[in-house]
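Written below as structure tokens is the structure these notes are about.
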Amino acid sequence: MVFAAVKGTVIAGANASRWIEVPFVGVSFQPSTFAFVMIMIYVASYLAENFEKKPTFSDSFWPLWMPVGVTIILIVPSNLSTSLLVAFSVIILTFIGKLPMRNILNFLSICAVGVVMFYITAKAFPELLPSRASTWISRIDSFTDSNENSSGRFQIERAKMAIAKGGFLGEGAGKSTMKNFLPQSSSDFIYAIITEEYGSFGALIVLLLYMLLLFRIMVISMNARTVFGQLLVLGMGLPIIFQAFINMGVAVEIFPVTGQNLPLISSGGTSIWMTCLALGLILSVSTSKRNKEDNLEKDKNIEDVEEELAEGIIKGIHKGNAEK
């Protein structure tokens, strides 16, 4: 992430150095997305190891909060929304992992103070991060601006027009016209295009599919054999759901424009690979649980066979004695 901030490349007009070009391969890689997955695995591991210990904030500062804080700080310059999503996901996971509430509140307070100070600094000294600071400030200002003709509201107004055109059943697959005018129509605002083509009915189906995924994540977590498995499933699955809700919320103007993709639907390279990695880890926990059940069933069958064999032998001995 340090290399991406210093020597990274810009793709698709994004005014941030988020990507690293892989030499001799011709592909780009976004390290912040990979760091998101790795930090959630790390947090799940720490919480599992200290599940019954109830460490204080000072005890958990260096092994837990410091790595999380460094990761967030490295992500902020290129992707503020992702850094906030990391912080929110870590807070939710630590709460589920039964970390003392005082630790979570201390970390939350530090994050809140950091966000406020960062915003004030970016507002007062935009030359420190000239491209990103202006983007963050304009997005927040446009979200709070009620003037529909404001230049900063171009994206969200086009997205709302696409949603309005969709109606209940939509214009039909591939018949969207707003995708020709809406920037990032295949990634950040794909939900608006889905609503235009498939209507509110199709948009509701997409929402229900994510709710079904959330339900399955909860079921797999509850059935996991270990605490680490339970926390790993939640640490991998909940950010996918959070990201989906944020993307859909941006399209209907519940949240300011963030640049978060719609998992498994939006176009993208690193994002889809990391989502598949997270789902693969979830499935590994589920498969491990099923293998255990299969082994128990096999053991039970073996025990039944052994009991039947023992009963047959005993009956044979009794019959032989009777004949004698």
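The values are calculated or read from the model by the stated rules, or taken from the named source; none is laboratory data. From a predicted model like this one, the values you see are computed outputs, not experimental measurements. Backbone-built Cβ (ideal geometry, glycine too); neighbour counts: all protein chains shown. Ligands, DNA and RNA are stripped out before the accessible areas are found, and what is left, the full protein with its side chains, is counted by its heavy atoms. Shrake-Rupley method; radii C 1.70, N 1.55, O 1.52, S 1.80 Å.
Which of the following residues is in a helix (DSSP H, G or I), out of contact with any Ser or Thr (no Cβ under 7 Å at 6 or more places or on another chain) and either assigned by the TED database to the domain that holds Gly280 or under 26 Å from Phe88 (Cα atoms) (or both): Ala173, Ala244, Ala203? Don't jump to the end; show me each part of the working.
Details: Ala173 fails: in a helix (DSSP H, G or I); Ala203 fails: out of contact with any Ser or Thr (no Cβ under 7 Å at 6 or more places or on another chain).
None of the other options fit; the residue is Ala244.
So which residues in region 219-237 are touching a helix residue (DSSP H, G or I) at 6+ places or on another chain (Cβ under 8 Å) and loosely packed, with under 14 Cβ neighbours inside 10 Å, if there are any at all?
Residues satisfying the conditions are Met222, Arg225, Thr226.
For region 185-215, give me each residue that is in contact (Cβ under 8 Å) with a residue 40 or more places away in the chain and open to solvent by 30 Å² or more (accessible area, probe 1.4 Å).
Once the filter is applied, which keeps residues that are in contact (Cβ under 8 Å) with a residue 40 or more places away in the chain and open to solvent by 30 Å² or more (accessible area, probe 1.4 Å), region 185-215 yields Ser186, Leu207.
In the list Ser60, Ser83, which residue meets the criterion of being among the small types (Gly, Ala, Ser) and within 21 Å of Ser187 (Cβ to Cβ)?
Ser83
Mind checking which pairs have a first residue in region 227-250 that is within 19 Å of Thr33 (Cβ to Cβ) and a second that is among the hydroxyl-bearing types (Ser, Thr, Tyr) and not in a helix (DSSP H, G or I), Cβ under 7 Å, 6 or more apart or different chains?
Filtered contacts from region 227-250: Ile246/Thr258; Val250/Thr258.
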